[in-house]
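Here the structure comes first, spelled out in structure tokens, and everything after it is commentary.
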Amino acid sequence: MRNTFFITIFVIFFVQMGKSQSSGISLDFKDEIDLYLSFTIPTIDVEQLDKQRTRYTILDAREKEEFNVSHIPGARYIGYDHFKLMELENLDKSKPVVVYCSIGYRSEKVSEILKQAGFKKVYNLYGSIFAWANAGLPLEDISGKTTNRIHGYNKDWSRWIKRKDLKIVY
């Protein structure tokens, strides 16, 4: 009986660990993300977004040089430092929106503004583009071509990009 208990705990631990790894989020990365987010906006994980990508308007809250290197296919650049709500006037406020950045902090702040402006269904991509890339999901460059380049924000933050086939730029 005792052995069955320990085996069950062992299996649960490794299944959960596998889920974290397949989502592009290691347990250490999750801990780091959770330090920066206040969870004022509901999150969505990369697998869920990937499965239903056409259902959402995807907004990139990183800076233009980050977006130009690579972004989630179909994402629209909105920025963070110079974000202007009026540039989104043509969006349907009832259509679900997913906002992302590097790990989720900037996108959470922009998402809060969107909610206050009347957008009904706003989600923050948990782990943002780093989790997306780590999960092996596609990236495209400014010309719309698939790329293996990703902007690492800076050397410290780029440590969370784990895919060895990605070229990290700053």
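Structural remarks
- When the test is whether a residue is at pLDDT 95 or above and in contact with a helix residue (DSSP H, G or I) (Cβ under 7 Å, 6 or more places away or on another chain), Phe83 passes it.
- If the condition is being in a loop (DSSP other than H, G, I, E, B), surrounded by fewer than 24 Cβ atoms within 10 Å (Cβ to Cβ) and not polar (S, T, N, Q), then region 87-102 contributes Glu89, Leu91, Asp92, Lys93, Lys95, Pro96.
- Yes/no for Asn148 being of a type outside the set (Gly, Ala, Ser) and more than 18 Å from Val69 (Cα to Cα): no
- Region 60-86, subset among the hydroxyl-bearing types (Ser, Thr, Tyr) and surrounded by fewer than 20 Cβ atoms within 10 Å (Cβ to Cβ), residue farthest from Arg159 (Cα to Cα): Tyr77
- Residue match in region 103-121 (condition: assigned to a strand (DSSP E or B) and crowded, with 19+ Cβ neighbours inside 10 Å): no
- Test result for Gly127, of a type in the set (Gly, Ala, Ser) and surrounded by fewer than 21 Cβ atoms within 10 Å (Cβ to Cβ): no
- Test: residue in region 35-47 that is part of a helix (DSSP H, G or I), modelled with pLDDT of 95 or more and over 19 Å from Trp157 (Cβ atoms): yes
- Scanning region 138-152 for residues that are buried (at least 18 other Cβ atoms within 10 Å of the Cβ) and in contact with an Asp or Glu (Cβ under 7 Å, 6 or more places away or on another chain) yields a count of 1.
The values are calculated or read from the model by the stated rules, or taken from the named source; none is laboratory data. Keep in mind that what you see is a predicted model, and the values were worked out from it rather than measured. We place every Cβ from the backbone using ideal geometry, glycine too, and count neighbours over all the protein chains shown.
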